[in-house]
1. Which residue pairs have Cβ atoms closer than 7 Å, lie 6 or more positions apart in sequence or on different chains, and pair a first residue in the range B:97-109 that is at pLDDT below 95 with a second residue that is outside any strand (DSSP E or B)?
2. If I ask for residues that are more than 11 Å from chain A (Cβ to nearest Cβ) and either modelled with pLDDT of 95 or more or closer than 19 Å to residue B:70 by Cβ (or both), which ones from the range B:35-49 would you list?
3. Quick one: which of B:133, B:102, B:157 is in contact with a helix residue (DSSP H, G or I) (Cβ under 8 Å, 6 or more places away or on another chain), facing chain A (nearest Cβ under 8 Å) and over 22 Å from residue A:158 (Cα atoms)?
4. Taking only the range A:110-130 into account, find how many residues are at pLDDT 95 or above, more than 7 Å from chain B (Cβ to nearest Cβ) and in a loop (DSSP other than H, G, I, E, B).
5. Residue A:79: more than 18 Å from residue B:91 (Cα to Cα), in a helix (DSSP H, G or I) and more than 7 Å from every other protein chain (Cβ to nearest Cβ), yes or no?
6. Go through (1) surrounded by fewer than 16 Cβ atoms within 10 Å (Cβ to Cβ); (2) at the interface with another protein chain (Cβ under 7 Å from one of its Cβ atoms); (3) not in a strand (DSSP E or B) one by one and return the number of the condition residue B:91 breaks.
7. List the number of the failed condition for residue B:44; all other conditions in (1) buried (at least 24 other Cβ atoms within 10 Å of the Cβ); (2) assigned to a strand (DSSP E or B); (3) in contact (Cβ under 8 Å) with a residue 40 or more places away in the chain hold.
C-alpha cells in the first residue's frame with residue numbers, strides 16, 4: 001500500500017473504534033498511535049466512564065504508547081484521530097514530539113454535537129483576564145525561584 | 001484569613017512543592033486542586049520520571065481530584081499552579097469546569113528555562129497547515145458518521 005492509502009486505512013480504523021465505543025458509554029472519539037506502520041496504542045474517549053476530564057482519546061493513546069516505549073518522546077510516531085485534536089490534545093501532541101497527525105472531523109463538527117473544542121480554541125487566544133475562566137497571576141509570590149532552582153540543578157533531564 | 005491571603009498562601013504552598021520536587025527528578029512545576037478551602041489533590045510535573053508527556057502538574061492534580069470526587073466535573077474547585085498552565089493544561093482546566101486559576105510564573109519565564117509553553121501557544125493560533133507539526137485532514141473518510149451515531153444514541157451522557 002502507498003502512504004496515502006495507509007493513512008486512510010488507519011484513519012478508517014480509528015473511526016470504526018470510535019463508533020464501537022459509543023454504546024459502551026465512551027465519548028465519540030478514538031485515536032491510534034502508530035510506529036513503523038504498526039498500531040502500538042489505541043484508545044476511545046473515556047471522560048465519563050473513568051471520571052477523568054483529561055481522558056480524551058488522543059491523551060490516552062499517547063499515555064499508552066509512552067508507557068509501552070518507556071519514554072515521553074514519541075517523535076517517531078504518527079497519530080490518527082477521528083476528530084481534530086482539542087487544545088488539550090494538541091498540547092499533548094506537541095509535548096510528545098509526534099510530528100504528524102491525520103484526522104477526519106474538525107472542531108466545528110464536534111461543536112454541532114455539543115463539544116467545547118471550538119470554544120476552547122477561541123478562549124486560548126484571549127488575554128487571561130478576558131477569558132470565561134478567571135486566570136489570576138500573583139507576580140510577587142516567588143515563582144521565579146522554582147526556575148532558578150531548576151536552572152542550577154546539575155542532574156536535571158531537560159524535556 | 002481573607003480570600004487574597006488564602007490565594008497567596010495556597011500558591012506559596014504550590015511553589016514550595018515545585019521546588020522540593022526538582023531533586024527527585026521531577027519537572028519544576030507543581031499544582032494544587034482546592035475545594036471548599038481544602039487541598040484535595042497536589043502534584044509535581046512527572047513527565048520524565050513516569051515516561052508520560054501528559055504528566056504535567058495541572059493534569060495530574062486534576063486527574064487525582066476527579067478520581068477522588070468520582071466525577072469529571074470540578075466546577076466547584078480552584079487550581080493553584082506555580083506557573084501559567086500550558087495549552088494542554090489550559091484545555092484540561094476548561095474540560096474539568098474549574099472556574100478559577102491562580103498562578104505565579106508565566107509562559108515567558110518557562111521559556112527562559114527551556115520549556116515550550118510559549119511555542120505551543122504561538123502554534124495553536126496558526127492554521128493547521130502552517131504549523132511545525134503536520135496536521136492533515138482527510139475529509140471523505142466518514143468521520144461525521146461517528147457524531148451521527150452519538151447524536152442518535154439515546155443513552156449518552158453529554159459532558
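The values are calculated or read from the model by the stated rules, or taken from the named source; none is laboratory data. Remember, it's a predicted structure, so these values are computed and weren't measured experimentally. Cβ placement follows ideal geometry from the backbone for every residue including glycine, while neighbour counts extend to all protein chains displayed.
1. Within 7 Å, the pairs are B:99/A:133; B:99/B:75.
2. Result: B:35, B:36, B:38, B:39, B:40, B:41, B:42, B:43.
3. B:102
4. The number of residues fulfilling the criteria is 1.
5. no
6. (1)
7. So the condition that residue B:44 fails would be (3).
Here's the yes/no breakdown for (1) surrounded by 24 or more Cβ atoms within 10 Å (Cβ to Cβ); (2) out of contact with any strand residue (DSSP E or B) (no Cβ under 6 Å at 6 or more places or on another chain); (3) more than 7 Å from chain B (Cβ to nearest Cβ); (4) not in a helix (DSSP H, G or I):
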residue: A:5; (1), (2), (3), (4): no, yes, yes, no
residue: A:16; (1), (2), (3), (4): no, yes, yes, no
residue: A:33; (1), (2), (3), (4): yes, no, yes, yes
residue: A:51; (1), (2), (3), (4): no, yes, no, yes
residue: A:58; (1), (2), (3), (4): yes, no, yes, no
residue: A:66; (1), (2), (3), (4): yes, yes, no, no
residue: A:73; (1), (2), (3), (4): no, yes, yes, yes
